[in-house]
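Take a look at the structure set out below.
The values are calculated or read from the model by the stated rules, or taken from the named source; none is laboratory data. The shown structure was predicted, so the numbers you read here are calculated from the model rather than taken from an experiment. Here Cβ is always computed from backbone atoms with ideal geometry, including for glycine, and neighbour counts include all displayed protein chains.
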Ligand code: CTP
Ligand code: MG
């Protein structure tokens, strides 16, 4: 229970027939994040916390829950995820069934209107409170509208000054909305129509062009270009990682995901692969996910003796699940031995295959200075560039 007086039902259970992607529409990506994630990011930026009910495709409930909890962050206890129905109206009803008792204002929002600004939600909530009726955001219609007869011939021009194109979120007093849904005798395409059919008043507040609905491929391109204009570089993140291991003659040498026969090994709880570990730390650092010790526990027996590729693959997975793609990784090895040059490109190929993006490898000595100069161990320094 959250004690919230506002609930926002985000309907995301449609299949997206007109979009024509293999995934249900809410799980289609725009710029590395799904349509549903973009919508929820705005919902969770509201000043006052609301109960957020995500109505998801029944077959993808776990995916929807995972991403909703990720976007909610500290507000995870405000999230309820339920399965939708065959029509939008049935999906809204599934959401209405899980309202918390403290809620007295209900907003219903299309996940497909992903870029709807938080201010539009706030305007709808306050108008519901001040009028006590249904509130819908709308935009004046720019095109001239014609009414056709059944043959397709133009019958008349409709006076567009009396028309609005309606968006979401649509907001209502809770009890009246529940009552209207209980009485609905046919399938309507929006909640205001259900509300009005029960004889209840609905008024329009100003909508926002950003609240357009992603319906077709053209809308998807438009959404991509809006994202691109909004943040051309803000989505890039760099990270850094350093690892050091001392030589241990009793161990085999693993470095950069390669086995080095006849070379003295490196000491460590795992296989001591300083290159792989530095790459992991750089990736985790860029994603803001902490470091290798925090994620994989150096004392965890599952990782005792584990090779570097285990950590790299698990790290790539964490970073990808957090919504990042890897642009590139650079790693420099500092030490006297092994001699890197003869196997440098082989190491690049091996690490690139594990990371799934280009990994460049370089090496240097320290002119005899320090522990690497004395030949006591190896240092690896890595940087990573991620795109969100
Ligand atoms: N919706 C839903 N449950 C359904 C149908 C639609 O939750 N059975 C949701 C959609 O996920 C969307 C919103 O209602 O966020 C508006 O619907 P629409 O844009 O028509 O989406 P789809 O029905 O998925 O698309 P299409 O009509 O092209 O199949
Ligand atoms: Mg539809």
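For the stretch 81-89, does any single residue satisfy the condition of being near ligand 1 (Cβ under 10 Å from one of its atoms), closer than 29 Å to residue 225 by Cβ and in a helix (DSSP H, G or I)?
Yes, because at least one residue in the stretch 81-89 is near ligand 1 (Cβ under 10 Å from one of its atoms), closer than 29 Å to residue 225 by Cβ and in a helix (DSSP H, G or I).
I need the full set of residues from the stretch 372-385 which are in contact (Cβ under 8 Å) with a residue 24 or more places away in the chain, surrounded by fewer than 20 Cβ atoms within 10 Å (Cβ to Cβ) and not in a strand (DSSP E or B), in order please.
Matches in the stretch 372-385: 373, 375, 376.
Taking the criterion of being outside any helix (DSSP H, G or I), surrounded by fewer than 20 Cβ atoms within 10 Å (Cβ to Cβ) and in contact with a strand residue (DSSP E or B) (Cβ under 6 Å, 6 or more places away or on another chain), would at least one residue in the stretch 217-235 satisfy it?
Yes: the stretch 217-235 contains one or more residues that are outside any helix (DSSP H, G or I), surrounded by fewer than 20 Cβ atoms within 10 Å (Cβ to Cβ) and in contact with a strand residue (DSSP E or B) (Cβ under 6 Å, 6 or more places away or on another chain).
Which ones in the stretch 103-119 are within 10 Å of residue 171 (Cβ to Cβ) and either within 26 Å of the chain's Cα centre (by Cα) or in a helix (DSSP H, G or I) (or both)?
106, 107, 108, 109
Six or more apart or on different chains, Cβ under 9 Å: which pairs go from a residue in the stretch 1-28 that's in a strand (DSSP E or B) to one that's at pLDDT below 95 and within 16 Å of ligand 2 (Cβ to nearest atom)? Could you list them?
Sorted first by the residue in the stretch 1-28, then by its partner, the list stays empty.
Taking the condition over 26 Å from residue 287 (Cβ atoms) and either within 10 Å of ligand 1 (Cβ to nearest atom) or surrounded by fewer than 20 Cβ atoms within 10 Å (Cβ to Cβ) (or both), does residue 73 pass?
Answer is no for this residue.
Okay, residues lined up against (1) under 11 Å from the mean Cα position of the chain (by Cα); (2) away from ligand 2 (no atom under 16 Å from the Cβ); (3) surrounded by fewer than 24 Cβ atoms within 10 Å (Cβ to Cβ); (4) modelled with pLDDT under 95:
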residue	(1), (2), (3), (4)
1	no, yes, yes, yes
12	no, no, no, no
15	no, no, yes, no
21	no, no, yes, no
27	yes, no, yes, no
56	no, no, no, no
64	yes, yes, no, no
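In the stretch 76-109, how many residues are more than 20 Å from residue 178 (Cβ to Cβ) and buried (at least 17 other Cβ atoms within 10 Å of the Cβ)?
Summing the residues that are more than 20 Å from residue 178 (Cβ to Cβ) and buried (at least 17 other Cβ atoms within 10 Å of the Cβ) in the stretch 76-109 gives 3.
So which residues in the stretch 261-300 are in contact with a helix residue (DSSP H, G or I) (Cβ under 8 Å, 6 or more places away or on another chain) and in contact (Cβ under 8 Å) with a residue 60 or more places away in the chain, if there are any at all?
Result: 266, 275, 276, 277, 279, 281, 283, 286, 287.
Failed condition for residue 59, given (1) within 13 Å of ligand 1 (Cβ to nearest atom); (2) in a helix (DSSP H, G or I); (3) touching a strand residue (DSSP E or B) at 6+ places or on another chain (Cβ under 7 Å), with all others met?
Going through the list (1) within 13 Å of ligand 1 (Cβ to nearest atom); (2) in a helix (DSSP H, G or I); (3) touching a strand residue (DSSP E or B) at 6+ places or on another chain (Cβ under 7 Å), residue 59 breaks only (3).
If we scan the stretch 190-203, do we find a residue that is touching a helix residue (DSSP H, G or I) at 6+ places or on another chain (Cβ under 9 Å), part of a strand (DSSP E or B), surrounded by 11 or more Cβ atoms within 10 Å (Cβ to Cβ) and in contact (Cβ under 8 Å) with a residue 24 or more places away in the chain?
Scanning the stretch 190-203, I find at least one residue that is touching a helix residue (DSSP H, G or I) at 6+ places or on another chain (Cβ under 9 Å), part of a strand (DSSP E or B), surrounded by 11 or more Cβ atoms within 10 Å (Cβ to Cβ) and in contact (Cβ under 8 Å) with a residue 24 or more places away in the chain, so the answer is yes.
Just for the stretch 141-188: of the residues that are touching a helix residue (DSSP H, G or I) at 6+ places or on another chain (Cβ under 9 Å) and in a strand (DSSP E or B), which one is surrounded by the most Cβ atoms within 10 Å (Cβ to Cβ)?
171
Select from the stretch 31-40 the residues that are modelled with pLDDT under 95 and either part of a strand (DSSP E or B) or out of contact with any helix residue (DSSP H, G or I) (no Cβ under 7 Å at 6 or more places or on another chain) (or both) and list them in ascending order.
Hits for the stretch 31-40 are 32, 33.
Is it the case that the stretch 339-359 has a residue that's assigned to a strand (DSSP E or B) and on the phi < 0 side of the Ramachandran plot?
Yes; the residues of the stretch 339-359 include at least one that is assigned to a strand (DSSP E or B) and on the phi < 0 side of the Ramachandran plot.
Checking residue 100 against (1) in contact with a strand residue (DSSP E or B) (Cβ under 7 Å, 6 or more places away or on another chain); (2) part of a loop (DSSP other than H, G, I, E, B); (3) over 26 Å from residue 205 (Cα atoms); (4) within 16 Å of ligand 1 (Cβ to nearest atom): exactly one of these is not met. Which one?
(4)
Results for (1) within 12 Å of ligand 1 (Cβ to nearest atom); (2) part of a helix (DSSP H, G or I), shown as yes or no for each residue.
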| residue | (1), (2) |
| --- | --- |
| 42 | no, yes |
| 49 | no, no |
| 77 | no, yes |
| 93 | yes, yes |
| 124 | no, yes |
| 130 | no, yes |
| 138 | no, no |
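State all residues of the stretch 42-51 that are surrounded by 15 or more Cβ atoms within 10 Å (Cβ to Cβ) and within 22 Å of residue 321 (Cα to Cα); if no residue qualifies, say none.
Those that are surrounded by 15 or more Cβ atoms within 10 Å (Cβ to Cβ) and within 22 Å of residue 321 (Cα to Cα): 42, 43, 44.
Just for helices (runs of 4 or more DSSP H) wholly inside the stretch 260-329: which have at least 1 residues that are within 16 Å of residue 351 (Cα to Cα)?
Passing ranges, in order: 274-287, 308-321.
Taking the stretch 204-216 as the search range and keeping residues that are in a loop (DSSP other than H, G, I, E, B) and within 20 Å of residue 140 (Cα to Cα), which one is farthest from ligand 2 (Cβ to nearest atom)?
That would be 208.
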